[in-house]
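See below for the structure under consideration.
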Amino acid sequence: MAKFSESVINQIKARTTIADVVSSYVTLSRKGDRLWGLCPFHNEKTPSFSVVEDKGFYKCFGCGKGGSMFDFIMEIEHVSFPEAVELLARKTGVQLKEETEAEKKQRSFEETLLNLYEKLSSAFHYILLNAPEASKAREYLDKRRITKESQERFLLGYAPADPDWLYGFLIKNHYSPEFLARSGLFSARNEKWPLFADRIMFPIRTWQGNCVAFGGRDLSGTSRAKYINTPETELYSKKNLLFGLHEGLASIKTQKSVIICEGNFDVISMQQSGMENTVAPLGTAFTPEQAKLLRRYCEKATLLFDSDAAGQNAVYKGIIRCQEFGLESSVINLGSDKDPSEALEKEGPEALAKSCANLSNGFDYLVHLALKRYDVRQPKAKFLVFKEVRPFLEATASEIERQGYIKKLADILNVSEQRILEDYQSGGDVWQEKTAEMEKTNAEASNIKMDSDMYLMLLLANNRGLFDKFKSSFKIGLIRNDDAMSVYAALEDAQRLGYTTDEVMLQLIGSDSLREVVRESFSSDMYKDKDADKHIAESIKLAQIRDLEEKRASVLGVLKINSQASGSESDLELLSQIQDLDRRIQELKTSIASNEDV
């Protein structure tokens, strides 16, 4: 953390008062020896927020917050103490430390560059509103339904098509060629060629409102890049800024919520339609720095990206980023519209606002995305869904919250909560390792069918002390795999004859290749974990469910045949059988999900 001398703190306090600092944010009125106003940190109708000027502190008798001018800035701007000192130092003109000559030079350059961007943003805006050559830019904005109020709010501008204009204009205004080469306004290959020509200009501002860069939308139709931004400069780092944050900050603070969308026009369309708490990353993914910046001001984030594959990928990453920084996430679905700007252009602001009311919780959206990709009737697909959701679980700081999401995912996938928790704690690779190892074995012994029946038999072979426990609940008629049936018969014979060693049990298996598969399983950890009895119980239940579903299909077939004939008095009995089978199937599925015995 940056350290500041006592001299710096005293200089700031000498140049401003706590009343001056607070009155920039709160309307104060004097009563007695104190100033009073409505507290900015909680909702109230009667002022309970007071400032004591001569002692230099504030105190709210409603919410209890209080402290110095530095504490006030930290609380209201959601910044650290060093950042609060820097902010007040800038406002009061206090130097934080004695500058070297190189630092003075650099500060002078940055101040001049900032001043240039401020002047250019005003110049581009004036050209847009008044110059004849900007008529097509005005027509384009009208077509996009961008109002004059929005053009003023965002200080939109137009860069003339003449490639010689900008360099000549700035040279005439006494900017040196060396300075312009570092300004981010000209090509690195040709120092006189402007990056922005015949483009609608979007000033990119810090949260304080300083213009530090530009975005430009091509109107010529000849550029390969429809949108470009200023390259990074001493003032501009795109990962640390968000388009629209300055314009939307008051709304973000009030609502404690932000909407994150994809592009500059999307932000303008959203704010114009009443959703002023909207921002956008600057041609990059939603970064940790941007998430940290937003977390200063709000607690919730809603993602609104294009409906194409790239947009949906951005949503996926954005949800996880929000979770990582403690922002409760949700997702807007615009339906058939590609993006907010298109929705505004086609349907108008009221329709756009109505569409944005269609929200999905971030976690639910992630699961839904994964369920659309994979058929969860297949065991491996369940793992793939879990794998896609896992980064969200890892980004969840609260253990209680994570447990809630795991329980929800278990219900959706119809697997036990404990199994998901075990896979999460083990790194999420348990199912993947089992699948990979079984596929490897299958490649080596291609004539042996490796499926759920064989997995169960290999579990029993590696944990023969549990065979007697499960023998009564598992009948050989549940097995569909002939090779698995052979292993079961060998296990039963070994138990009956009292054989306890692996080698003797293996000799009871007639097939050499099958014997080799079982032998190799003895050296694999995948069949020997401490919860083998749970895995065996779950596998038996899955086999029982399969058996019951086959019986149900058979009964249903008979019922359909009867319905095609003249009907039968046995139909009611068949329907009753189906209901009974459905009940037993559901009981087994519920017991798997809750990890209970049936």
With N set to the residue count of the stretch 312-364, report its C-alpha Rg divided by 2.2 N^0.38 Å to two decimal places. 1.26
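So what's the stretch 1-108 giving for Cα Rg divided by 2.2 N^0.38 Å, two decimals?
Details: Rg = 15.7 Å, N = 108, 2.2 N^0.38 = 13.0 Å.
Expressed relative to 2.2 N^0.38 Å, the Cα Rg reads 1.21.
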In square nanometres, what is the average projected area of the Cα convex hull of the stretch 268-311? 3.8
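Arranged from highest to lowest average of other beta-carbon atoms within 10 Å per residue, in what order do the peptides 53-61, 196-204 appear?
Working: 53-61: 15.8, 196-204: 24.7.
Most protected by this proxy first, the peptides run 196-204, 53-61.
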Where in the chain are the DSSP H helices whose C-alpha atoms run 18 Å or more along the long axis and whose mean Kyte hydropathy is at least 0.0? 379-395
When all Cα-Cα pair distances of the chain are considered, the percent exceeding 46 Å is 42
What's the percent breakdown of Cα-Cα distances in the stretch 352-403 across 5 Å bins, shortest bin first? 4, 18, 21, 19, 16, 12, 7, 2, 0
Over 25 Å between alpha carbons, listed pairs LYS471/LYS530; LYS253/LYS387; LYS97/LYS119; LYS143/LYS226; LYS469/LYS589; LYS136/LYS172: LYS253/LYS387; LYS97/LYS119; LYS136/LYS172
Extent of the stretch 216-352 along each principal axis, from alpha carbon coordinates, in Å, largest to smallest? 43, 41, 29
Find the eigenvalues of the gyration tensor of the Cα atoms of the stretch 166-286, then list the square roots of 5 times those eigenvalues as equivalent ellipsoid semi-axes, largest first, in whole angstrom. 29, 16, 12
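At 25 °C and a viscosity of 0.890 mPa s, what translational diffusion coefficient does Stokes-Einstein give for the stretch 31-94, taking Rh as the Kirkwood radius over Cα pairs? Give it in µm²/s as a whole number.
On the way: Rh = 12.5 Å.
Rounded, D is 196 µm²/s.
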Report, to one decimal in Å, the Kirkwood hydrodynamic radius for the stretch 65-145 based on all distinct Cα pairs. 16.7
Taking a ≥ b ≥ c as the square roots of the eigenvalues of the Cα gyration tensor of the stretch 61-209, is the shape rounded (a/c under 1.5), prolate (a/b larger than b/c) or oblate? oblate
Amide H contacts of ILE204 (H built 1.01 Å from N, under 5 Å, at least 5 apart or other chain): VAL212, ALA213, PHE214, GLY215
Shape parameters for the stretch 283-379, alpha-carbon atoms, Rg then Dmax in Å: 14.5, 46
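Readers should treat all values here as calculations from the given coordinates under stated rules, not as data from a laboratory. All figures in this text were calculated on a predicted structure; none of them were measured in a lab. Note that we place each Cβ from the backbone using ideal geometry, even for glycine, and neighbour counts take in every protein chain shown.
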